[in-house]
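K.L.:
Below is one structure. I have some questions about it.
The values are calculated or read from the model by the stated rules, or taken from the named source; none is laboratory data. Being a predicted model, the structure only gives us computed values, none of them experimental. When we count neighbours, we look across all protein chains shown, and the Cβ atoms used for this are built from the backbone with ideal geometry, even at glycine.
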Amino acid sequence: MNFPKILGLAVLLAFAVLQGYSQIPNSKPSPASVLNSAPTLGPVIRMYYDAIKRRDNVALRKTLSAEFLLNIEEDMRNNGQKNLAAFLAKTEYQTPKIEIRNEKLSDDKGVADVRGSYYQTWTPIFFVKENGHWKLGTQEMELQDTVKQ
């Protein structure tokens, strides 16, 4: 083989390797896949995980919708647990790095993609607005066509 052919194959191989690395699931998202940095719902997620880390039951309750809180309290009773933050810390607080992106809001409902802790891949988390405050919700929701991003 002559030098130009070897150089051409080396360039082609390098390009193929770089293309393969760009497909790794944990790589940074492309700018097109990030619509926003969740400016409204992101702080709720951060307060939630911060309250779990500090084992602050009062702050934690402020981040949960009434329905979500009822479901968790039922699970706690079934498991003989009394401390909300300690109960949630067993499953929720696995890593300090939490990433939030792509919030969508519609009236009193919202959704944002979250990755970190229990969520190893980008996962939609649902929110509801109660008494003027955004809180973690329990169910998926349908966003209206007029979504604020």
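K.L.:
Taking the stated definitions as given, is Q94 more than 23 Å from V128 (Cα to Cα), at pLDDT below 90 and either outside any loop (DSSP other than H, G, I, E, B) or touching a strand residue (DSSP E or B) at 6+ places or on another chain (Cβ under 8 Å) (or both)? Step through it out loud before you land on a result.
P.N.:
On the way: more than 23 Å from V128 (Cα to Cα): yes; at pLDDT below 90: yes; either outside any loop (DSSP other than H, G, I, E, B) or touching a strand residue (DSSP E or B) at 6+ places or on another chain (Cβ under 8 Å) (or both): no.
The answer is no for Q94.
K.L.:
Does L41 satisfy being in contact with a helix residue (DSSP H, G or I) (Cβ under 7 Å, 6 or more places away or on another chain) and hydrophobic (A, V, I, L, M, F, W, C)? Quick ask: steps written out before the conclusion?
P.N.:
Numbers: in contact with a helix residue (DSSP H, G or I) (Cβ under 7 Å, 6 or more places away or on another chain): no; hydrophobic (A, V, I, L, M, F, W, C): yes.
Taking the combined requirement at face value, the residue does not satisfy it.
K.L.:
Name the residue that is farthest from T63 (Cα to Cα), counting only residues in segment 97-136 that are part of a strand (DSSP E or B) and among the hydroxyl-bearing types (S, T, Y).
P.N.:
Going residue by residue through segment 97-136, those that are part of a strand (DSSP E or B) are 98-106, 109-116, 119-130, 133-136.
Checking the rest, the ones that are also among the hydroxyl-bearing types (S, T, Y) come to 106, 119, 121, 123.
On the way: S106: 19, Y119: 18, T121: 22, T123: 18 Å.
This residue is T121.
K.L.:
Of all residues in segment 57-88, which are farther than 20 Å from G116 by Cα and not in a helix (DSSP H, G or I)?
P.N.:
Across segment 57-88, the qualifying residues are K62, S65, N79, G80, Q81, K82, N83.
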